[in-house]
Amino acid sequence: MAVQQDSGEARPQRADAVRNRERLLAAAAAVFRERGLGGGVGEIAARAGVGRATLFRNFPTKQALMVALLAHEMRQAIAQGRQTLAEADDHGVLLQYAERVVALQQENRGLLQAVAWDAYMEDPEIATTHTDLMALLDEMIAHDQRLGLIREGIGSSDVMMLMKGVFAVACSPLGGDTGAVERHLELVGQAIAASGQA
């Protein structure tokens, strides 16, 4: 009998497996919002309508679930950003999108503080999503430069470094003061604005 060789390629997930994963992420987001990060995996599985075994097949640990949820939130933000860019026409998009990303950071402050930094940075899904985010920022920068809103020579890495300062404010005790976040976003805008736009 011939033995089928493993090609080494990842097999696509079945549609029901994809649906289960999406339900688990949605349930985790709801439970964490309502009960904080102390919400249990059993409650998450029950709300998703699956068994605990299905949850652990998708996410071996609770931290793996939290990292996946962060990646999911980032992917949704990227999808929203691409739609905004597609509909932008003659309007600037970068600073508006920066506000959305900061809001996302604030919404997920507990998750970001709870997930071990190494686990977050080493996750391949996070790495891929981060690459997609940087590509989107470059497209937004190019769009706004064509409108004369952002000076030449600015790239996504420059914007991300500036944004990290805003993230630090948003996730610190100062984050409760929305004025602080707005002031720091305004500083980012002034730092990258084309001459005459600041």
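The values are calculated or read from the model by the stated rules, or taken from the named source; none is laboratory data. Note that the structure is predicted; figures quoted are calculated from it, not measured. Note that each Cβ is placed from the backbone with ideal geometry, even for glycine, and that neighbours are counted across all protein chains shown.
Name the residues in the stretch 164-192 that are loosely packed, with under 12 Cβ neighbours inside 10 Å, at pLDDT 80 or above and closer than 22 Å to Gly110 by Cα, would you?
Lys164, Gly179
Criterion first (crowded, with 19+ Cβ neighbours inside 10 Å, assigned to a loop (DSSP other than H, G, I, E, B) and not charged (D, E, K, R)) does Ile154 satisfy it?
Details: crowded, with 19+ Cβ neighbours inside 10 Å: yes; assigned to a loop (DSSP other than H, G, I, E, B): yes; not charged (D, E, K, R): yes.
When the stated conditions are applied, Ile154 passes them.
When only residues in the stretch 34-76 that are of a type in the set (Gly, Ala, Ser) and surrounded by 18 or more Cβ atoms within 10 Å (Cβ to Cβ) count, which is nearest to the chain's Cα centre (by Cα)?
Of everything passing the filter in the stretch 34-76, Ala71 is nearest to the chain's Cα centre (by Cα).
Condition check: more than 23 Å from Ile192 (Cα to Cα) and either crowded, with 16+ Cβ neighbours inside 10 Å or without any contact (Cβ under 8 Å) to a residue 24 or more places away in the chain (or both). Does Met121 satisfy that?
yes
Applying the selection to the stretch 116-138, what residues are modelled with pLDDT under 75 and among the hydrophobic types (A, V, I, L, M, F, W, C)?
Passing the criteria: Ala116, Trp117, Ala119, Met121.
Quick one: count up the residues across the stretch 83-99 that are out of contact with any helix residue (DSSP H, G or I) (no Cβ under 8 Å at 6 or more places or on another chain) and within 14 Å of Leu147 (Cα to Cα).
So the answer is 3.
Cβ-Cβ distance below 6 Å, separation of 6 or more or different chains: which pairs start in the stretch 87-107 with a residue that is surrounded by 17 or more Cβ atoms within 10 Å (Cβ to Cβ) and of a type in the set (A, V, I, L, M) and end on one that is modelled with pLDDT under 85 and in a helix (DSSP H, G or I)?
Val102/Ala170
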